[in-house]
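Worksheet for the structure shown next.
The values are calculated or read from the model by the stated rules, or taken from the named source; none is laboratory data. Because the structure is a prediction, the values reported are computed rather than measured. In this analysis, Cβ positions are derived from the backbone assuming ideal geometry, glycine residues included, and neighbour counts consider all displayed protein chains. All accessible areas refer to the heavy atoms of the entire protein, side chains included, with ligands and DNA or RNA removed. Shrake-Rupley method; radii C 1.70, N 1.55, O 1.52, S 1.80 Å.
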Amino acid sequence: MTMKFRANEVLNGKYTRATAKSVFLVPFTLLLIMLPLSLMRSSHESTPEISSVSVSSSLNNNTEVKQCNIFSGRWVHNPEAPYYSNETCHWIIDQQNCLKFGRPDREYLHWRWKPDECELPFFNATQFLNLVRGKKMAFVGDSVGRNQMQSLLCLLSHVSEPEDVSHKYSSDVVYFKRYFYHDYNFTLGNLWSPYFVRSSDADPRGHTYNSIMKLYVDEADEAWTSQVENFDIVIISSGQWFFRPLLFYEKGKLVGCNKCGMDNVTDLTHLYGYKKAFRTAFRALNSLENYKGVTFLRTFSPAHFENGDWNKGGKCVRTMPFTKQEMRLEDGAVEYILEMYVTQVEEFREAQRVATKRGLEFLMMNTTEIMLLRPDGHPNNYGHAKDKNVTLNDCVHWCLPGPVDTWNEFLLYMLDIMGSDAFFSSKLEKVF
């Protein structure tokens, strides 16, 4: 079975997510990376590259600046032990603590990302903490972003342990965490806002996993915009929440929905809300007068449910990465991942253009294809406390330790490049 579709069909949301069982070969690098990048390069506007990072002389002891796309590569076997374990890091929450709750295989811990054009350095906690000394870093978005923050806490724990100061900043210390590294005057936190925009429950029976919600897609959520100006480095990401039933409001009026099943309300699909939410979030960052930070978009993180959707018995039991040449996927999976990715890239490119005029730096951590190749990295049913009655498998979040640690290797690499002479410019001097 081959998949043929035009870029404009994907961007217009012609394809919908399906749940069927089939096996087919997918040249995913071509579909997921080359297509959206070719869309960007076809524009007559001059925009910065968002998928490559310059390797500077400070890293390779060479006066020549070499371009290296660190996000194009493959997973290679790595016999070394992971950076940490559930016994050496106490920051791992039960939902992602796969080792604690009996995951029997260990092969998923022994793969490392290898870029085609260069080497990705191992994570160095001392180097990272020195780079962010005196700075404040926030993860804005949903629980997958918090997943990355908890990975970072573990990676840094070999060198320094922070004080949890969440109670000083918020009464909601579960969703708004703040950690302070005294030795480095470094603050790490997360600002919970899975939609980036103002939202509220629309189901009179209350909030559940799949209850309908209202999204005011043109109004940024003050839960994060009221605090983000205090941060020097912001990593923004979101995704899976947009698949639930949603009512979309603009200028206070209902304009459509996603999977609402209501008469006389147009189903605009999840892509409408996703596009509008990212547009509003990026515009907020570009319009906040006192925001001088560096913004990273971490691209869509794919789920790997097989033999059913998340609420219909779907599970993720694989123990090995996919190869690029052959991936066993549920019918429709590639389409939905591609359309989510392209939607982000389109909004990011416009936001980056505006940010450049303001002297702000917007960068993209292009992890979508990389994580699509790791169906083995999720908790499945090994990420929940045994005393809880859990009927849903988790194929959205990532085991700790696990492939999500690679995101922080990317983050360190990119921060290091930004601090190098080759990357330095006046627009970054206030941050680095």
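Structure above, values below:
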| read-out | value |
| --- | --- |
| Residue 292 vs. criteria under 23 Å from the mean Cα position of the chain (by Cα), outside any loop (DSSP other than H, G, I, E, B) and touching a residue at least 12 places away in the same chain (Cβ under 8 Å) | no |
| The range 70-84, residues that are in contact (Cβ under 8 Å) with a residue 40 or more places away in the chain, open to solvent by 30 Å² or more (accessible area, probe 1.4 Å) and not aromatic (Phe, Trp, Tyr) | 72, 74, 82 |
| Single residue of the range 144-171 satisfying the filter (touching a residue at least 60 places away in the same chain (Cβ under 8 Å) and of a type in the set (S, T, N, Q)) that is surrounded by the fewest Cβ atoms within 10 Å (Cβ to Cβ) | 157 |
| Some residue of the range 384-398 being at pLDDT 95 or above and part of a helix (DSSP H, G or I) | no |
| Subset of the range 240-290 (residues that are under 23 Å from residue 208 (Cα atoms) and small (Gly, Ala, Ser)) | 256, 261, 273, 277 |
| Leading residue by the ranking (farthest from residue 339 (Cα to Cα)) among those in the range 236-261 that are in contact with a Leu (Cβ under 8 Å, 6 or more places away or on another chain) and open to solvent by 20 Å² or more (accessible area, probe 1.4 Å) | 254 |
| Criterion (surrounded by fewer than 23 Cβ atoms within 10 Å (Cβ to Cβ) and either under 23 Å from the mean Cα position of the chain (by Cα) or not hydrophobic (A, V, I, L, M, F, W, C) (or both)) met by exactly one of 141, 134 | 134 |
| Test for residue 178: is it basic (Lys, Arg) and more than 30 Å from residue 393 (Cα to Cα) | no |
| Failed criterion for residue 166 (all others in (1) within 24 Å of the chain's Cα centre (by Cα); (2) of a type in the set (S, T, N, Q); (3) closer than 24 Å to residue 382 by Cβ hold) | (3) |
| Qualifying residue in the range 299-317 (condition: surrounded by fewer than 19 Cβ atoms within 10 Å (Cβ to Cβ) and of a type in the set (Val, Ile, Thr)) | yes |
| Those strands (runs of 3 or more DSSP E) lying entirely in the range 62-147 with at least 1 residues in contact with a helix residue (DSSP H, G or I) (Cβ under 6 Å, 6 or more places away or on another chain) and either at pLDDT below 95 or under 20 Å from residue 302 (Cβ atoms) (or both) | 111-115, 136-141 |
| Residue in the range 172-186 that is open to solvent by 60 Å² or more (accessible area, probe 1.4 Å), out of contact with any Leu (no Cβ under 6 Å at 6 or more places or on another chain), of a type in the set (S, T, N, Q) and over 21 Å from residue 138 (Cβ atoms) present | no |
| Verdict on residue 252 being out of contact with any Gly (no Cβ under 8 Å at 6 or more places or on another chain), over 13 Å from residue 281 (Cα atoms) and in contact (Cβ under 8 Å) with a residue 12 or more places away in the chain | yes |
| Scope the range 230-246; condition within 27 Å of residue 395 (Cβ to Cβ) and not in a helix (DSSP H, G or I); matching residues | 235, 236, 237, 238, 239, 244, 245, 246 |
| Count of the range 197-239 residues which are under 22 Å from the mean Cα position of the chain (by Cα) and at pLDDT below 95 | 2 |
| Test: residue 104 is open to solvent by 10 Å² or more (accessible area, probe 1.4 Å) and within 17 Å of residue 406 (Cβ to Cβ) | no |
| Only one of 183, 203, 172, 221 that is out of contact with any Ser or Thr (no Cβ under 8 Å at 6 or more places or on another chain) and among the acidic types (Asp, Glu) | 172 |
| Options 366, 381: the member that is of a type outside the set (Lys, Arg), open to solvent by 10 Å² or more (accessible area, probe 1.4 Å) and in contact (Cβ under 8 Å) with a residue 60 or more places away in the chain | 381 |
